[in-house]
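Have a look at the structure below before the remarks.
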Amino acid sequence: MVERAPVLNFVCHAILIAGALAVCVPLYFAFVAGSLTIGEVQKVPLPWLPGDQFIANLQAAWVKANFSRTFLNSVVVALGITAGKIAVSLLSAFAITYFRFRYRMLAFWLIFVSLMLPIEVRIVPTFEAVANAALPLQWLADTLHLADLFGWISGHRVDIALEWNMVNTYPGLILPLMASATATFLFRQFFLTVPDELCEAARLDGASPLRFFWSILLPLSVPNMVALAIILFLFGWNQYLWPLLFTTDKDMATAVIALKNLIPRSDSEPAWNVAMSGALLTMLPPTLVILLLQRWFLKGLVDSSK
Amino acid sequence: MRSSAIGRDVAVPSAQPRSAAASVSHRAAARKKARPAQEAGLKRANFGEGPGLPTLLLLPQLLILLFFFFIPSLRALTQSVLLSDPFGTTVQFVWFDNFKALFANGEYRQSMWVTLLFTVGQNALTLSVALVLAFATDHIIKGRSVYRTIILLPYAIAPAIAGILWAFLFNPAVGPLAHVLHGLGIAWDPNLNPNHALILVTLAASWKHICYDYIFLVVGLLAVPVSLMEAAAVDGAGPIRRFVSIGLPMLGPTVFFLAVMNFIYGFFETFAIIDAVTKGGPAGATNILVYKVYVDGFVNLDLGSSAAQSVLLMSFALLCTLLQFRYFDRKVNYGV
């Protein structure tokens, strides 16, 4: 930047081109494989140029992976996580920065603790929680002997068996992934930088807390919301472990899970052409998002990791 | 340590190693310092007393956390000290036997070793490639945004899909890169050779994650004050010398942060890559800890052992968070 260094410039461009190639080569071969017939894709070596079967393979993948249904599921889950997490986080960040109440620090720490543990480390108990979300209530009923109490009151023998199964439902796919505090902290940090004068002025004008939130804080937060929404959409679309545990019903699988079932295993027909075209199709929505909204995406990426 | 941090402050008064987010927390910290009587993290202009409304606002988040975070975490803790048969008919309290059994278990020790190899390898590869790319991006002027856009692409790609792409490239029967390796006389087969499988998942995991480290390093390098670089240039330091002696030390906290994030990524998020590519095989060569939790809990139905493993992983995640706090400390020290 300060001096002329043609050799170094050249080396730097070479490095970056190598990096860009390293990104593109797997994608290019996926495209090549996705455009061949099943016979051609097993040829060694793989042809360097794409064939003409891309559309046909896309159609095959679309049918085989039930993409018309699984894409819809992915969209619902990704948007659900995005909207849900942003809404919930906005409210709780508003509460812990703009209100003085007794349990404020307790609430803050309760939320903060959840930053630390990724969902992967507690999959089994979380799965139990989703398989029967009423389980804690059941324990409560059991320990308090509520059944006996009701039985005593009504004079009949009563059994309390609570069940609220969220497996194979959208809430079951969405809610556990909303249980983390990253977004809350992003908004908290932002709210702390909002000038105090805005709140004072709003109160002088007689605005209620919710009015202030809706008419002033929310519009100010739009850039942060957009940036975060992009990150959360990618996060939701690319989820794997959680939807994997819920594929008991094929109609509730997400696109990524359906795609995984397209990969040839050693004992099946090596239909890599269909699998690869399916892979390209599945990565298309998130790729479009970061290409079209790159500026927001960068802001969201850097902000949300703090 | 503190005095050295202050010394650095004097040397680089306006150094802000990170981006807008960093400056946000700087400002927040500065505010807190300016009004020590102020309750931490509360606006000066606030809506006063009354727990009713804030409780209502907090309720959705706290309920979700209660059901899907606190109760499951407690369940993991209690299950880790219980022994139950797969059908859940008998449950026994066994103190720390589950943990003792884990450490005595050769399979678990192998899994720890594999995880260590995998995460350290992934971390080293990701960080070094990202550093070189970030340096190159910082040096050139033309075409910067084009390169950046392409290098960022893998961020959009699900880990499972990244795994599938690489599994195809290195598929011993049809993969084009496997063909090249065979041509070089290497008997490449990740389905049979444990080392090959580990190399394959490490490559796929790094390919997916380099973009993350890269963008943080690029942003970090942009924040290095131009005056420092110019002063060094006047003193006769070339571009590489400037990067090594000024850019890298200024990036120190960012690199540390990224190393921790890479470990978290390697430990937890790479589950999808393992499951889609190797399923932990061959012979447990890619059976990383988080994958073992899943297999033991959902396939082998050994809940006690799985919970004990979860607890160990939780401790590790906690350790990472604490390390990040140290990083936050450093970052604050860099401020004016």
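The values are calculated or read from the model by the stated rules, or taken from the named source; none is laboratory data. Keep in mind the model is a prediction, meaning the values are calculated, not measured. Please note: Cβ atoms are built from the backbone with ideal geometry, for glycine as well, and neighbour counts cover all protein chains shown.
Points to keep in mind about this one:
- In the set (1) modelled with pLDDT of 80 or more; (2) part of a helix (DSSP H, G or I), the condition left unmet by residue A:262 is number (2).
- Note on the stretch A:222-251: residues that are in a helix (DSSP H, G or I) and either within 13 Å of another protein chain (Cβ to nearest Cβ) or farther than 21 Å from residue A:185 by Cβ (or both) amount to 17.
- Scope the stretch A:54-77; condition assigned to a loop (DSSP other than H, G, I, E, B) and surrounded by fewer than 20 Cβ atoms within 10 Å (Cβ to Cβ); matching residues: A:66
- Residue in the stretch B:296-336 that is surrounded by the fewest Cβ atoms within 10 Å (Cβ to Cβ), counting only those that are modelled with pLDDT under 80 and in contact with a Pro (Cβ under 7 Å, 6 or more places away or on another chain): B:336
- The stretch A:179-194 residues that are over 16 Å from residue A:302 (Cβ atoms), paired with ones that are part of a helix (DSSP H, G or I) and β-branched (Val, Ile, Thr) (beta carbon under 6 Å, 6 or more apart): A:179/B:64; A:181/A:111; A:184/A:111; A:188/A:97; A:191/A:97
- Residue within the stretch A:200-219 that is surrounded by fewer than 20 Cβ atoms within 10 Å (Cβ to Cβ), acidic (Asp, Glu), in a helix (DSSP H, G or I) and within 9 Å of chain B (Cβ to nearest Cβ) present: yes
- Every pair of residues 6+ apart whose Cβ atoms lie under 7 Å, when the first sits in the stretch B:174-198 and is farther than 20 Å from residue A:42 by Cα while the second is surrounded by fewer than 17 Cβ atoms within 10 Å (Cβ to Cβ) and modelled with pLDDT of 90 or more: B:198/B:117
- Residues that are more than 21 Å from the chain's Cα centre (by Cα) number at least 2 in the following helices (runs of 4 or more DSSP H) confined to the stretch B:223-336: B:226-234, B:239-242, B:303-334.
- Boolean, residue A:186 is within 11 Å of chain B (Cβ to nearest Cβ), modelled with pLDDT of 85 or more and surrounded by 17 or more Cβ atoms within 10 Å (Cβ to Cβ): yes
- The helices (runs of 4 or more DSSP H) falling completely within the stretch B:143-211 that include 1 or more residues that are of a type in the set (Val, Ile, Thr) and more than 27 Å from residue A:302 (Cβ to Cβ) map to B:159-169, B:176-183.
- Within the stretch A:256-288, the set of residues being free of Cβ contacts under 8 Å to residues at least 24 places away in the same chain and facing chain B (nearest Cβ under 8 Å) comprises A:260, A:263, A:266, A:283, A:287.
- Set side by side, the residues B:259, B:272, B:307, B:223 differ, and just one is in contact (Cβ under 8 Å) with a residue 12 or more places away in the chain, touching a Lys or Arg at 6+ places or on another chain (Cβ under 7 Å) and on the phi < 0 side of the Ramachandran plot, which is B:223.
- Residues (surrounded by fewer than 22 Cβ atoms within 10 Å (Cβ to Cβ) and more than 7 Å from every other protein chain (Cβ to nearest Cβ)) located in the stretch B:138-170: B:138, B:141, B:142, B:143, B:144, B:145, B:146, B:148
- Residue check for residue B:217: within 12 Å of chain A (Cβ to nearest Cβ) and free of Cβ contacts under 8 Å to residues at least 24 places away in the same chain: no
- Being surrounded by fewer than 16 Cβ atoms within 10 Å (Cβ to Cβ) and either on the phi > 0 side of the Ramachandran plot or assigned to a helix (DSSP H, G or I) (or both) is a description that applies to residue A:39.
- The single residue among A:35, A:114 that is closer than 30 Å to residue B:54 by Cβ, polar (S, T, N, Q) and touching a residue at least 40 places away in the same chain (Cβ under 8 Å) turns out to be A:114.
Residues are listed down the side, and each one gets a yes or a no for (1) of a type in the set (D, E, K, R); (2) surrounded by fewer than 19 Cβ atoms within 10 Å (Cβ to Cβ):
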{"position": "B:241", "(1), (2)": "yes, yes"}
{"position": "B:244", "(1), (2)": "no, yes"}
{"position": "B:252", "(1), (2)": "no, yes"}
{"position": "B:269", "(1), (2)": "yes, no"}
{"position": "B:273", "(1), (2)": "no, no"}
{"position": "B:282", "(1), (2)": "no, yes"}
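- Total residues in the stretch B:220-231, condition buried (at least 20 other Cβ atoms within 10 Å of the Cβ) and more than 12 Å from chain A (Cβ to nearest Cβ): 0
- In the set B:197, B:259, B:232, only one residue is at pLDDT 85 or above and within 20 Å of residue B:164 (Cα to Cα); that residue is B:197.
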